[in-house]
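Values in this text are rule-based calculations from the coordinates and carry no lab data. Source: prediction; values computed, not measured. Here the Cβ positions follow ideal geometry from the backbone for every residue, glycine too, while neighbour counts run over all protein chains shown.
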Amino acid sequence: MAFQLPDLPYSFDALEPHIDARTMEIHHDKHHAGYTSKLNAAIEGTDLEGKKIKDILAHVSKHGAGVRNNGGGYYNHSLFWSVMSPDGGGEPGKTTNIAKAINRDFGSYEKFKDEFANAAKTQFGSGWAWLCVDKDDKLFVCGTPNQDNPLMDVVEQDGTPILGLDVWEHAYYLNYQNRRPDYVEAFFHVINWKEVTKRYNDANEGASNL
Ligand code: MN3
């Protein structure tokens, strides 16, 4: 079974005014669709066919640039749509595991926000900012270039990404032009903390000790 482009879980204009409908439409229907079809083309007839995307990414250094770039692009955008919501934004609920973990590992929501925003603003060129969980259940923020992500065996610090922000120009240029910091600030109004919490709990067997 080839990889399928996931539907957006909301309409193109659902995240306005923070992310505009035209950007969402092109981003999903052209960019994400492109990564999906190119990933399928790159693995067709190889032993990667039928493998889970996380398993492909975990050994991505063994494969060519087509698998790395398009496998990353496929996974990263699938995560990205899910961690935004028109009902999102603000801080995660104080009793949630993710809120407790953010306080434990960053000191406060504001400190986490500063670190994540800084990673997004300072990522040189195209790439992503991530909030991840490491093997010891600790949260960390990082940035990766291009379509790399912390699941790949090519990054400095590996972990499970639970929140990601696309800082490629195609993600914001129509509405924000060169003002990446404004786009990064807007992202905090649409973060789907319910989904991030779910991803945190799934990543993290030790969540029960919080
Ligand atoms: Mn993108």
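Taking a ≥ b ≥ c as the square roots of the Cα gyration tensor eigenvalues, segment 43-150 comes out prolate, since a/c reaches at least 1.5 and a/b is larger than b/c.
A cut-off under 12 angstrom between Cβ atoms defines the neighbours of N103, and their net charge, with Lys, Arg +1 and Asp, Glu -1, is +1. Entry note, the chain: relative contact order of 25 percent, from Cα contacts under 8 Å with a spacing of 6+ residues. Between the amide H of D13 and any residue lying 5 or more places away or on another chain, no distance stays under 5 Å, with hydrogens modeled in the peptide plane. For the cross-link pairs K54/K111; K52/K94; K135/K198; K38/K135; K30/K52; K51/K113, the ones whose C-alpha atoms lie over 25 Å apart are K54/K111; K52/K94; K38/K135; K51/K113. FRET efficiency for the N146 to D7 pair, using the beta carbon distance and R₀ = 25 Å, is estimated at 0.50. Under a no-solvent Debye model with one identical scatterer per Cα of the chain, what's log10 I(q)/I(0) at q = 0.11, 0.14, 0.17 Å⁻¹? Here the Debye-derived log intensity ratios amount to -0.50, -0.83, -1.23.
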